[in-house]
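Read-outs: derived from the displayed coordinates by stated rules, not from any lab. Everything numeric in this text was worked out from a predicted model, so none of it was measured. All Cβ positions, even for glycine, are placed from backbone atoms using ideal geometry, and neighbour counts span all protein chains on display.
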Amino acid sequence: MKGSEDMFDASLLKDKVILITGGGTGLGRAMGERFLELGARLAITSRREEVLAKAAAEMGGEVFYKSCDVRDPQQIAEMVSAVEQHYGRIDVLINNAAGNFASPTENLSPRAVDAVLNIVLHGTFYTTLEVGKRWIEQGGGGTMLNIVTSYASTGSAFVVPSAAAKAGVLALTRSLAVEWARHGIRQVAIAPGLFPTDGAWSRLAPTPELSEKLLNRVPLRRVGEKDELANLAAYLISDYAGYINGEVVTIDGGEWLQGAGQFNDLLEVTEEQWVGLAEMTRKGKS
Ligand code: HXC
Ligand code: NAP
C-alpha cells in the first residue's frame, strides 16, 4: 500500500502516538503496520510478551511494546505509564483485544462467560477509563477507536458472551461520545464482518464446512482483507474524521443486511424456479 497509488498522504498520522491492545496479532497488527506506514508512532500490548516482541521486530517501524492483561486495572495503569514515559503522550487508543469462541450457550460455565466478558467488556472499559482520566487531566484530548463486531447491534446465537460484551462496548462508545466530547475526546467504532485471522478462525470456524457456511452469508461472496479494515481505521482516527463522534462503521460486505431482509433467502431461487414463481405470483394479482 506504499507509493504514489496510496489512497492517503504518507503523513496522514505523522507523529501520532497510537496504542493498540491486542496489537501483536491479526487485525490489531494489520492496523499497526498501516499506521506506521502513515507516520504514526506505535505502542502495542497484549498478554504474551514473546508475541509482542516478534511483532514489534517485524512490523517495520518504531514499535514500543509492553505486556499487559486488560482484565487487570493495575497492569493497565503500568502499561499506559510505560507508553507515556516512552513517547511522552498517547494520542489514540485502539481497543482491539478480545476473546471469543463458539458454543451452545447452555453449555457455558460461569467461568466461560467471564472469560469473554472480562476481556471484551471489562478490559475495554478499564483501558478506556485509564487513558481517558489521563487525557482529561492533561487537557489535550484524544481519539478512541473500539473494534466491535457486526453482531454487536443484532446479537448472535452461539457467541452470546461476545455479543453481549460487544453490545456493551458499543454503548460505551456512544455514551462517552457525548460525555467526553467536552474534553476533546472523540469516540468511534468499527464493526467488522468476516476477516480470517488465526485467532478468530481457530475458535469460530475451525472446519472448511463452517468457514464456507459463513462465506455464503456475504452478498459480496468474499471475506474482508485486513488492509481494507486498516485503511478505514486510519481514516477514522485521522484529523480528517474530526467531526465523526459516536459512530460505528460496519465493514462486512453487506453480511448483516443479508441476514436481516425478510426475503433475502430468495437469493437461493434459481432462474428456472423464478419463471414458475412469476406465473404463480401474477395469478395471485388477478
Ligand atoms: C466452551 C470454553 C471454551 C470453548 C474455554 N472455555 N474455551 N467453554 N467452549 N471453546 C471455558 C473453559 O472451560 C473455562 O471454564 C473458561 O472458559 C475459561 O477458560 P480459560 O482457557 O482458562 O480462559 P482464558 O485463558 O482466560 O482464555 C480466554 C479465551 C481464549 C477467550 C477462552 O480463547 C483466549 O485467550 N482468546 C483470545 C483470543 C481470541 O479469542 N480471539 C478471537 C477474537 S474474534 P471452566 O468452567 O471449565 O473453568 C472475535 C469476533 C469474531 O472476537 C467474529 C468473527 C466472525
Ligand atoms: P486475534 O488475533 O485473536 O486478536 C485478539 C488479540 O487480543 C490478541 O492479540 C490477544 O493477544 C489479545 N488479548 C486477548 N485477551 C487479552 C487480554 N486479557 N489482555 C490483553 N490482550 C488480550 O483476533 P482478531 O480476529 O485479530 O480480532 C481483533 C479484533 O477484531 C477483536 O476485537 C475481535 O473481536 C474483532 N473482530 C474480528 C473479526 C474477524 O473476523 N477476525 C470479526 C469481528 C470482530 P494475547 O493472547 O497475547 O493476549
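Looking at Lys66, is it over 25 Å from Arg134 (Cα atoms) and out of contact with any Lys or Arg (no Cβ under 8 Å at 6 or more places or on another chain)? So Lys66 fails the test.
With respect to the conditions (1) closer than 20 Å to Leu121 by Cα; (2) not in a helix (DSSP H, G or I), Ala171 falls short on a single one, namely (2). Taking each residue of the range 151-169 that is of a type in the set (Gly, Ala, Ser) and looking for partners that are surrounded by fewer than 16 Cβ atoms within 10 Å (Cβ to Cβ) and assigned to a loop (DSSP other than H, G, I, E, B) with beta-carbon atoms closer than 7 Å, six or more apart or interchain, yields Ala163/Gly155.
Pairing each residue of the range 62-79 that is closer than 15 Å to Gly28 by Cβ with any residue that is within 16 Å of ligand 1 (Cβ to nearest atom) and of a type in the set (Asp, Glu), provided the two are 6+ apart or on different chains, yields C-beta distances under 8 Å for Tyr65/Glu49; Ser67/Glu49.
Here is a yes/no grid of residues against (1) more than 15 Å from the chain's Cα centre (by Cα); (2) surrounded by 13 or more Cβ atoms within 10 Å (Cβ to Cβ); (3) aliphatic (A, V, I, L, M):
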{"position": "Glu209", "(1), (2), (3)": "yes, no, no"}
{"position": "Leu214", "(1), (2), (3)": "yes, yes, yes"}
{"position": "Lys226", "(1), (2), (3)": "no, yes, no"}
{"position": "Ile237", "(1), (2), (3)": "no, yes, yes"}
{"position": "Ala241", "(1), (2), (3)": "yes, yes, yes"}
{"position": "Val248", "(1), (2), (3)": "no, yes, yes"}
{"position": "Asp252", "(1), (2), (3)": "no, yes, no"}
{"position": "Ala260", "(1), (2), (3)": "yes, no, yes"}
{"position": "Leu267", "(1), (2), (3)": "yes, no, yes"}
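Looking only at the range 137-159, residues that are near ligand 2 (Cβ under 9 Å from one of its atoms), part of a strand (DSSP E or B) and touching a Ser or Thr at 6+ places or on another chain (Cβ under 7 Å) come to 1 in all. Note on the range 1-40: residues that are within 20 Å of the chain's Cα centre (by Cα) and among the basic types (Lys, Arg) total 3. Scan the range 95-105 and tell me whether some residue there is more than 11 Å from ligand 1 (Cβ to nearest atom), farther than 23 Å from Asp239 by Cα, surrounded by fewer than 17 Cβ atoms within 10 Å (Cβ to Cβ) and polar (S, T, N, Q). Checking the range 95-105: not a single residue is more than 11 Å from ligand 1 (Cβ to nearest atom), farther than 23 Å from Asp239 by Cα, surrounded by fewer than 17 Cβ atoms within 10 Å (Cβ to Cβ) and polar (S, T, N, Q).
Just one of the listed residues (Arg111, Arg134, Arg182) is in a helix (DSSP H, G or I), of a type outside the set (Phe, Trp, Tyr) and more than 30 Å from Tyr240 (Cα to Cα), namely Arg111.
For the range 4-29, a residue qualifies if it is away from ligand 2 (no atom under 15 Å from the Cβ) and under 21 Å from Gly142 (Cβ atoms), and the qualifying residues are Phe8, Ser11, Leu12, Leu13, Lys14, Asp15, Lys16, Val17, Ile18.
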